[in-house]
1. Somewhere in the range 104-113, is a residue free of Cβ contacts under 8 Å to residues at least 40 places away in the same chain, of a type in the set (K, R) and either farther than 17 Å from R48 by Cβ or within 16 Å of the ligand (Cβ to nearest atom) (or both)?
2. Considering only the range 64-83, I want to know if a residue exists there that is surrounded by fewer than 16 Cβ atoms within 10 Å (Cβ to Cβ), in a strand (DSSP E or B), more than 16 Å from the ligand (Cβ to nearest atom) and free of Cβ contacts under 8 Å to residues at least 12 places away in the same chain.
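The numbers here are math on the coordinates, done by the rules we state, and not lab data. Small disclaimer: the values here were computed from a predicted structure and weren't measured. Using ideal geometry, Cβ is built from the backbone for each residue, glycine included, and neighbour counts are taken over all protein chains shown.
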Amino acid sequence: MSKQRQDKEKLKKLIGGMSSEERAMLMELLSGERGGESRDMDGFIAERRFAGGHVCPICGGAHVQRNGHQSNGSQKYVCRDCGKSFTIRKDTVFAGTRKDLATWERYMECMAQGLSLDRSAAACGITHATAFVWRHKILDALGVAADGKAGLSGIVEADETFRPVSYKGDARRFSECGAGREARKRGGGSHTRGLSDELVCVPCAVDRKGNAVAMVAKLGKCSAEAVGKVLGGRVAQGSTLCTDGDKSYRKFSASNGNSLVQIKGGREVKGIFHIQHSNAYHRFLGRFLDAFHGVSTKYLNNYLTWNNAVVHTRAGFRQKVADMLDAIADTLFSETCLKVLKRPPIPILVKNQLNTKL
Ligand SMILES: [Zn+2]
């Protein structure tokens, strides 16, 4: 074994034995070391946004000129076609931030490790509330970015998971309008038996390259519509769908141009087809979600994005952070801080919660 490799192994052991708090501290130290190479946020966004020339984000006009700076140092532009002025950060996750790109990058390092809000806030020098808003702004943008990608192909294993409906953070507001847990009757009714409306149905699929799709579809038991809502347009035509015996997948695979292999009777393997990746994915996802001690239903899609687009991917740590940064810088949408906090308790009932511009 070469000296370099021995050193690497030693370091790996050392880091492996650290608590996540110690790791966060180490990252803080390392990112301080990196100070010299920290990139300028406006330059980073402009490189992408204006790659094809200066274009106005409001009217699409091409007569855009620099026009001074905002108080936080952000470059301002004015459009000669529509007369409106804007900053380079308009409609990006970074709009209105006073923190630099290095701080955001450090925050994404914390997310790639699945750190808690308190630990992430401490590592980045931001408040718990800011850490919360950043988490969901980043995940909203990642969700939009991931949805624009091609999706799953080849042998695709699909199965649904169920999570309890949670009004975490909304309990008081929701009980006031008479629809919260207080409204639930126990005892006489039969509606709580089996897969009741108190469970959120999340169809999931994973291919052999490790790409995964999962999204909140409806309350209660799975249906062909629910499967179509989540897998439709995200599983390539000609792929082979492997599922358990659930009939919801038959209609979907026929209409989506997929062949279907159903593995029934509690088995996992049928020749070269199996649902072992799917079962492993569900265990992985369950552990990831359980670590947050109850995820509010209104944010569940964001946690699914976090798991699928970051934690569950096969990319190395540095690559994960770089991919996150690229994806959120390229995603334009007008989700403000306020909207992140005032999302409806059960987003399934509200369509187009994101005002996507791309
Ligand atoms: Zn314009």
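1. Within the range 104-113, the subset free of Cβ contacts under 8 Å to residues at least 40 places away in the same chain is 107.
Cutting the leftovers down to of a type in the set (K, R) gives us none.
So far as the range 104-113 goes, no, none of its residues is free of Cβ contacts under 8 Å to residues at least 40 places away in the same chain, of a type in the set (K, R) and either farther than 17 Å from R48 by Cβ or within 16 Å of the ligand (Cβ to nearest atom) (or both).
2. Yes, some residue in the range 64-83 is surrounded by fewer than 16 Cβ atoms within 10 Å (Cβ to Cβ), in a strand (DSSP E or B), more than 16 Å from the ligand (Cβ to nearest atom) and free of Cβ contacts under 8 Å to residues at least 12 places away in the same chain.
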